[in-house]
1. With θ taken as phi - 60° and the coefficients 6.51, -1.76 and 1.60, list the Karplus ³J(HN,Hα) couplings across the range 129-140 in order, rounded to whole Hz; mark glycine and proline as x.
2. Starting from the Cα of Lys255, draw a straight line to each of the lysines and keep only those under 16 Å, dropping any in the same chain fewer than 8 residues away.
3. Show the residues, 5+ positions off or on another chain, whose built amide H is closer than 5 Å to the amide H of Gly82.
4. Arrange the peptides 139-149, 226-236, 262-272 so that the one whose residues have, on average, the most other Cβ atoms within 10 Å appears first.
5. Greater than 22 Å separation of Cα atoms is the criterion. Which listed pairs, Lys29/Lys105; Lys21/Lys64; Lys216/Lys260, meet it?
6. Hey, could you grab the Kirkwood Rh for the range 212-318? Inverse mean 1/r over distinct alpha carbon pairs, Å, one decimal.
7. Helix 213-224 versus the longest principal axis of the chain: what is the Cα-based angle in degrees, 0 to 90, to the nearest 10?
8. Once amide H atoms are placed 1.01 Å from N in the peptide plane, what residues at a sequence separation of 5 or more from Asp75, or on another chain, have their amide H within under 5 Å of its amide H?
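What follows draws every value from the coordinates through simple rules; no lab data is involved. Keep in mind that what you see is a predicted model, and the values were worked out from it rather than measured. Counting neighbours? That spans all protein chains shown, and the Cβs are built from the backbone with ideal geometry, glycine included.
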Amino acid sequence: MILLGIETSCDETALAFVEGKGDRVRVIKSLVASQIKIHRRYGGVVPEVAARSHALALPLLLKKILGRERERAFDAIAVAAGPGLITSLRVGTDAARSLALAFDKPLLAVNHLEGHIFANWLGGRIPELPALALIVSGGHTELVLVRGAGDYLLLGATRDDAAGEAFDKVASMLGLGYPGGPEVSRLAEKGNPEVVPLPRPMITSRDFDFSFSGLKTAIRQTVSRRPAPKRADIAASFEAAVVEVLLAKTMAAAKVTAPKTVLLAGGVAANRALRKALRNAVKKELPGVRYAEPSLEYATDNGAMIAAAGYYLARAGRSNDWRDLEPSAQWEIGV
Ligand code: KG4
Ligand code: ZN
């Protein structure tokens, strides 16, 4: 079964063809048109500009991916229907609905976070379930128990900023570019994480929730101190604090839920320090538990992860009707 995956929830217009066979998926082609350059001059994503850019980019990307074999190329359409910016989501879902009608193909509404989870299935290895997923992106920070496609339990979430959002805001305080995550982490590699003492918000709270806004405030105060510490040391200290909190909560949740796999998902899963720390912690503290992370290519937003999630949802018997598929900006999973 070949699925066309469509992703337009934030600032990447992305399409992919993914083939699903048995319990495996494989990427045939993945195209991502990033709007980063457009949003960079505003220092963040401007919703109206994003929607307009999706509307301009999507037909061109479709033409590119469909090529000549239009009707035969795919068996189903999977589209990210939320959460995200509603006007951006609508561009993708309306395109998906039109394609489903025109080509008479089944349609699958995929949750964007579910897409991030299933990015872990694209590397060839199948994570064993149940899996504990740490989802860290620009808009979300959540711990979710994955029991199957469409079967999730939300264990905890951030009460304020998402981890990626904190990286982006700290980047801007340090005078780095947008998106900030990769830049902060590059700078952090040259710094000493022990120079700036920072809080570890909620690390001892007995739930699985997070909070990153206090950390952001602490960085703002640090930056304005005179003399201010070196930027690389601030970046390294910030990254270490975020990683330590994410790690502590994930390990605590794993001890309670006893998953077969701990997996990392979302744009911040591209962070090398976090990947290494979580990989080592699972190995050391959770004997018999597997660790999975998405390849760097499929950690940040893409269409292949949406198509992969769509495949497993279809296998689980899900489908949506083109007549009434509505995007939902606040769609949560596992609640
Ligand atoms: O999942 P994603 O591509 O988009 C959303 O769904 O939000 O995640 C984007 C987020 C941004 O906040 C970006 O700064 C962060 O992921 N990010 C990183 C890294 N690469 C991307 N954060 C830390 N380290 C990275 N290497
Ligand atoms: Zn995302």
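1. For the range 129-140, the Karplus curve yields 9, x, 10, 9, 9, 9, 9, 10, 9, x, x, 9 Hz.
2. Straight-line reach from Lys255, under 16 Å: Lys283, Lys284.
3. Placed amide hydrogens put His112, Ser328 under 5 Å from Gly82.
4. 262-272, 139-149, 226-236
5. Exceeds cut-off: Lys21/Lys64; Lys216/Lys260.
6. 16.2 Å
7. 50 degrees
8. Answer set, sorted by chain and number: Ile2, Leu3, Leu4.
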